[in-house]
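The next block holds one structure in the form of structure tokens; read it before the comments.
Nothing in this text is a laboratory measurement; each read-out follows from the coordinates by a stated rule. Since the model is a prediction, treat every value here as computed from it, not as a measurement. All Cβ positions, even for glycine, are placed from backbone atoms using ideal geometry, and neighbour counts span all protein chains on display.
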């Protein structure tokens, strides 16, 4: 055996590959292994398909605007576009089918001052039911529902990513720091979390919304802060506590690592899997909150699923039953499915993150 | 087994003096703690360069705490811990390290091998990351140099071919292999002093001996000084030049290995030795002489710590303070009122004791 004390550091290369390439390969390998675990659960696959579908819609919108709907922005723009669908209606005394017949009074309102029985009048209608030009019909202002739905998907993704990322980054750091340092730092951060938990989220956002204009980004960051310093921080702190007591932290300290080294290299990497899991649940919460706030009309967002429902409601179509179903159903279903998709992914990721839940 | 390393000037590589560690028992937010666990109480010892000292005792006697203070994972309450600096040759007081450069130098000199090879490695880092961590933290060498150094160390601890181990994760290795990695990590900085906290106790019996042999070989080759913490006298006998027996935060007996095993003087050491299993079915075990369990070390009275369990108690034991650790010849130190300066036993003879009970 050689005395390693005196060996010089110069010599032939040990590895013919650079370190980061090897790390990338390791990362890819662990990703494949985790995907194999993940795809075992049907829930997760369904979730990925749902989220993928909405992702497709979100990408489809700008593409359609640039190609098939080019030059027709006045009609298909989700916010300022408008189209009046012309329908021929027969004037009758007794109206049995309002979509093809109209009464004398209605005929006079359209400008036909001397209507006769059997007369055919062309009238623009909005909201118009689904037709070849508007796949999901139009809203009360004549805007294309399908275009709004796709635009709303993009808004949902942007909001979800901002809210989830900011919440989880904050919560991971706050949780790890509180768990690692303990003492006053822990007390301060956790009492702060308790305080935030005490605040009712929705009324708080309504109050904030009345003072400042809240757009997508602002809402995402607000949700991120409120959740990242609140509930999520407490959960991730508990995980960090269980990592903190592992002897590898002592080993790192003996190796010469300081507090920051231990938190960044040893505690956070072991909390991250759980953080990713909570990211998924965070998206669900953010989408629901956005829909609720938009429904109350408290956000300054050009178009979202919540605003579509709000439009349907404020224009008086919500209590119309199924007569104007295309106003309510696509948006409501999208919110539900989108949130459910991320929730299902989160549940399936639970199995990857938590080895005790594995069936094999 | 015995390493007769040349001892420069005969000076100690590690010198612990009057070390004391108190843990507060109940600490309210605004209340000052009044009760303390005396985990280590006035412990002094020296380790010569290249020597390995075994620290033996039952659980809760403070041996791991001693080790943790020596590597500065815990702070001492009182006393001094001197570790000889490799570069300057001076004895540096660990308890008074303040500056960053001093701490850095200390971390190069002193390393630790942990008990549990399954928990002492971050499961999300590769073997390369784990072994190269000290180099990375202290910013030594470029990446290819670190790779070369890690490969060298892995070869040294018998993980060959080293290249195939570099980018595995700890869960892909067996317990013995992991402990070899832990040894490689401890040695990557060329430390002069290594604290080994029961490095073989979590391993399968069949691989213990190979790990112990490896540690001895490396000690020989690299001149590493060990503090070997264990509860197993057989392991201590194999690994150590000298053994110190701890009981409730005090060293009760300290002597060269064979001297201690052949001529145990303290009643506690004798009880420990009588509890060592003997591979002979016809062997009749002498009765374990001590009674009861370990007493709590919360605000212990000043008299001998062993008084509650000692079968030989005399008036002198309860009327005077805990006996000092005195040399009884042959470098054999004992802390017991009933051992004469010549090493002669003054307490009740064995037979009399049997009659009494």
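According to the Kirkwood expression over distinct Cα-Cα pairs, how big is the hydrodynamic radius of region A:86-125, in Å?
9.7
Could you tell me the relative contact order of chain A? Use alpha-carbon pairs under 8 Å, at least six residues apart, and round to a whole percent.
21
Using alpha-carbon pairs under 8 Å, 6+ residues apart, how would you state the relative contact order of region B:51-146 in percent?
14
When you count, for each residue, the other Cβ atoms within 10 Å and take the mean per peptide, how do A:330-337, A:195-202, B:64-71, B:180-187 rank with the highest first?
Most protected by this proxy first, the peptides run B:180-187, B:64-71, A:330-337, A:195-202.
Kindly express, to the nearest 10 degrees and within the range 0 to 90, the angle between helix B:175-187's C-alpha long axis and the longest C-alpha principal axis of chain B.
80
Per-residue mean of other chain beta-carbon atoms within 10 angstrom of the beta-carbon, peptide B:142-148? Present the calculation step by step, with values, prior to reporting the outcome.
Values: counts 1, 4, 9, 5, 3, 4, 9.
Mean partner shielding for this stretch: 5.
From zero up to wherever the largest Cα-Cα distance of region A:93-173 sits, split into 10 Å bins and tell me the percent of pairs in each.
Per 10 Å bin, starting at zero, the Cα-Cα P(r) for region A:93-173 comes out as 15, 26, 21, 14, 11, 8, 4, 1 percent.
Quick one: Cα convex hull volume of region A:256-344, Å³ per residue?
Working: hull volume 9.5 nm³, N = 89.
Once divided by residue count, the hull of region A:256-344 is 107 Å³.
With labels modelled as points extended 7 Å from the Cα through the Cβ direction, what inter-label distance (nm, one decimal) is found for residue A:213 paired with residue B:326?
Output for this residue pair reads 9.0 nm.
What is the Å³ per residue value for the convex hull set by the Cα atoms of the protein assembly as shown?
Details: hull volume 169.9 nm³, N = 717.
Taking only Cα atoms, the protein assembly as shown has a hull volume of 237 Å³ per residue.
Angle, helix B:143-156 long axis vs. longest principal axis of chain B, Cα atoms, 0 to 90°, nearest 10?
For helix B:143-156, the angle is close to 50 degrees.
Can you give the relative contact order of chain B as a percent, counting alpha carbon pairs under 8 Å and 6+ residues apart?
19
Starting from the Cα of residue A:122, step 7 Å along the direction of its Cβ; do the same at residue B:164; then give the gap between the two resulting points in nm.
Here the modelled spin labels are 8.3 nm apart.
Computed over the Cα atoms, what is the radius of gyration of region A:173-331 divided by 2.2 N^0.38 Å, N being its residue count? Intermediate values should be presented prior to the final figure.
On the way: Rg = 21.0 Å, N = 159, 2.2 N^0.38 = 15.1 Å.
Compactness ratio reported: 1.39.
I need the fraction of alpha carbon pairs in region A:205-275 separated by more than 13 Å, rounded to a whole percent.
That tail contains 71 percent of the Cα-Cα pairs.
Using R₀ = 51 Å, calculate the FRET efficiency as 1/(1 + (r/R₀)^6) where r is the Cβ-Cβ separation of residue B:46 and residue B:143; round to 0.05.
Computed FRET efficiency for residue B:46 and residue B:143 comes out at 0.80.
Using a 10 Å cut-off on Cβ to Cβ distances, tally the other chain neighbours for every residue of B:164-172 and report the average as a whole number.
Rounded to a whole number, the mean comes out at 2.
Return, ordered by residue number, the residues of region A:220-239 whose backbone nitrogen is under 20 Å from a label point located 7 Å along Cα→Cβ of residue A:158.
Taking a point 7 Å out along Cα→Cβ of residue A:158, the residues of region A:220-239 whose backbone N falls under 20 Å are A:220-225.
So what is the calculated 222 nm ellipticity per residue for chain B, using -39500 (n - 2.57) for each DSSP H run with n of 4 or more, over all residues, to the nearest 500 deg cm²/dmol?
That comes out to -9000 deg cm²/dmol.
Stick to Cα atoms and the Kirkwood definition of Rh, then tell me Rg/Rh for region B:160-288. Can you show the working numbers first?
Details: Rg = 17.3 Å, Rh = 16.7 Å.
Expressed as Rg/Rh, it is 1.03.
Would you calculate a helix-derived [θ] at 222 nm for chain A, using -39,500 (n - 2.57) for each DSSP H run of n ≥ 4 and dividing by the full residue count, to the nearest 500?
Helix contribution divided over all residues of chain A: -21000 deg cm²/dmol.
Of the peptides A:39-50, A:251-262, A:97-108, how do they stack up when ordered by the mean number of other Cβ atoms within 10 Å, highest first? Mind dumping the intermediate values first?
Values: A:39-50: 16.3, A:251-262: 19.6, A:97-108: 14.5.
The most tightly packed comes first, giving A:251-262, A:39-50, A:97-108.
Suppose the Debye formula is applied to equal point scatterers at every Cα of region A:40-111; what is log10 I(q)/I(0) at q = 0.21, 0.23, 0.24 Å⁻¹?
Here log10 of I(q) over I(0) equals -0.89, -0.96, -1.00.
How would you rank A:150-156, B:156-162, A:20-26, highest first, on the average number of other Cβ atoms within 10 Å across their residues?
In descending order of packing, they fall as A:150-156, B:156-162, A:20-26.
Would you tell me the mean number of C-beta atoms belonging to other protein chains that fall within 10 Å of each C-beta in B:126-139, as a whole number? Can you show the working numbers first?
On the way: counts 3, 0, 4, 2, 4, 1, 1, 10, 6, 2, 5, 9, 3, 1.
Taking all residues of B:126-139 together, the mean is 4.
Give the calculated FRET efficiency between residue B:201 and residue A:336 to the nearest 0.05, with a Förster radius of 60 Å applied to their Cβ-Cβ distance.
After rounding, the FRET efficiency stands at 0.60.
Can you tell me the orientation of helix A:42-66 relative to chain A, as the angle in degrees between its alpha-carbon axis and the longest Cα principal axis, to the nearest 10?
The angle comes out at about 60 degrees.
Rg to Rh for chain B: what is it, with Cα atoms only and Rh by Kirkwood? Mind dumping the intermediate values first?
Values: Rg = 21.7 Å, Rh = 21.9 Å.
Ratio value, two decimals: 0.99.
What percent of all Cα-Cα pairs in chain A falls into each 10 Å bin, going from 0 up to the bin containing the maximum distance?
5, 17, 23, 20, 15, 9, 6, 3, 2, 1, 0, 0
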